[in-house]
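Novice: Below is a structure I'd like to ask you about.
The values are calculated or read from the model by the stated rules, or taken from the named source; none is laboratory data. What you see is a predicted model; the values in this text were computed from it and never measured. Virtual Cβ from ideal backbone geometry, glycine too; neighbours counted across all protein chains shown.
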Ligand SMILES: Cc1cc2nc3c(=O)[nH]c(=O)nc-3n(C[C@H](O)[C@H](O)[C@H](O)COP(=O)(O)O)c2cc1C
C-alpha cells in the first residue's frame, strides 16, 4: 500500500492556505490512488523532542565515530524512529507557511531532527557528503502573503524554497517540487487567483506523483 507522509507546518487550521492546498492535493491523489495510506505529521500537535543534551551529544558521537552512552542511545532511538517514519513514506508532502522569508521554526526543528549522520546522510573525507534516503516524489507547498512567482515580494526574498530544496536533497529525497501560493493576504481577486493557480498545479502534480513508480524501501542505503 503506497504511503504518503503529510507534514503540516502551519499552526492555523481553518484559515490556513497551506493546509487547504495540501488537502486539495491529497483529495486528488486519493482519487487516483484509492489504496493510499496517509500518515499526517502535524508539527504543532505532535511533540518533537528537544535537540539538545543527550540527543545532540549522540549526533556528535556519531560524527566522531564514538559509541553512544546509555542516555545518548536512548535519545538516538527516538531520532531513529523519526527518520524511519519519514523513510516509510513513498511520497512526501510538506505544507508550510513562509515565515520571515523562511520556514516556521517547528519545520526547521523537524528537519534538524531527521538530518542525521548514518541515518539520513554520511560523510566520507574522500567523497564528501552522500544522502542515505532513497529518492521519492516530494512536494513542498509554500503559502505566503507575498507573491514570489517572479522574484522578491516588495524587496523580501524567498529563502524558504531554496532552503527546502537543498535540505531535502541533502538527505536524498531527490528533486523537490515546490509550489508557491501567494498572495494569501490582500485584495480577494488576487488571493483567489493565486489559490486557483496553485490548486490547478497541484492537481497536475497529483497525477504525476500517482504515475511515478515507487522505489522499494529495501533499496535504501544502510546506516554507515
Ligand atoms: C510570523 C509570520 C511571518 C511571516 N513572514 C512572511 C514573509 O516573510 N513573507 C510573506 O510573504 N508572508 C509572510 N507571512 C504571511 C504568511 O506567509 C501567510 O499568511 C501564509 O498564508 C501563512 O500560511 P498558512 O495560511 O498556511 O498559515 C508571515 C506570517 C507570520 C505569522
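Novice: If I ask for residues that are assigned to a loop (DSSP other than H, G, I, E, B), free of Cβ contacts under 8 Å to residues at least 40 places away in the same chain and surrounded by 14 or more Cβ atoms within 10 Å (Cβ to Cβ), which ones from segment 37-50 would you list?
Specialist: Those that are assigned to a loop (DSSP other than H, G, I, E, B), free of Cβ contacts under 8 Å to residues at least 40 places away in the same chain and surrounded by 14 or more Cβ atoms within 10 Å (Cβ to Cβ): none in segment 37-50.
Novice: Next up: Within the group 151, 102, which residue is surrounded by fewer than 22 Cβ atoms within 10 Å (Cβ to Cβ), in contact (Cβ under 8 Å) with a residue 24 or more places away in the chain and out of contact with any strand residue (DSSP E or B) (no Cβ under 6 Å at 6 or more places or on another chain)?
Specialist: 102
Novice: Related question: Among the listed residues 190, 194, which satisfies the condition of being within 16 Å of the ligand (Cβ to nearest atom), modelled with pLDDT of 95 or more and either closer than 17 Å to residue 87 by Cβ or in contact with a strand residue (DSSP E or B) (Cβ under 6 Å, 6 or more places away or on another chain) (or both)?
Specialist: 194
Novice: Can you tell me which residue among 65, 69 is away from the ligand (no atom under 16 Å from the Cβ) and at pLDDT 95 or above? Talk me through it step by step, then tell me what you get.
Specialist: Values: 65 fails: at pLDDT 95 or above.
The conditions single out 69.
Novice: Here's another thing I want to ask about it. Considering segment 4-23 alone, what residues qualify as being surrounded by 18 or more Cβ atoms within 10 Å (Cβ to Cβ) and more than 15 Å from residue 83 (Cα to Cα)? Walk me through it before giving the result.
Specialist: To start, the set of residues in segment 4-23 that are surrounded by 18 or more Cβ atoms within 10 Å (Cβ to Cβ) comprises 4-10, 16-22.
Residues satisfying the conditions are 8, 9, 10, 16, 17, 18, 19, 20, 21, 22.
Novice: If residue 26 passes every condition in (1) within 16 Å of the ligand (Cβ to nearest atom); (2) part of a loop (DSSP other than H, G, I, E, B); (3) modelled with pLDDT of 95 or more but one, which one does it miss?
Specialist: Every listed condition holds for residue 26 apart from (2).
Novice: If you take the residues in segment 108-119 that are in a loop (DSSP other than H, G, I, E, B) and out of contact with any strand residue (DSSP E or B) (no Cβ under 9 Å at 6 or more places or on another chain), which one is farthest from residue 160 (Cα to Cα)?
Specialist: Of everything passing the filter in segment 108-119, 118 is farthest from residue 160 (Cα to Cα).
Novice: Take the residues in segment 169-187 that are surrounded by fewer than 16 Cβ atoms within 10 Å (Cβ to Cβ) and closer than 19 Å to residue 19 by Cα; name whichever of them is farthest from the ligand (Cβ to nearest atom).
Specialist: The residue in question is 186.
Novice: Tally time: how many residues in segment 108-164 are touching a helix residue (DSSP H, G or I) at 6+ places or on another chain (Cβ under 7 Å) and within 16 Å of the ligand (Cβ to nearest atom)?
Specialist: Matching residues across segment 108-164 total 6.
Novice: Right, next: For residue 85, state whether it is in a loop (DSSP other than H, G, I, E, B), out of contact with any helix residue (DSSP H, G or I) (no Cβ under 6 Å at 6 or more places or on another chain) and at pLDDT 95 or above.
Specialist: No, not satisfied.
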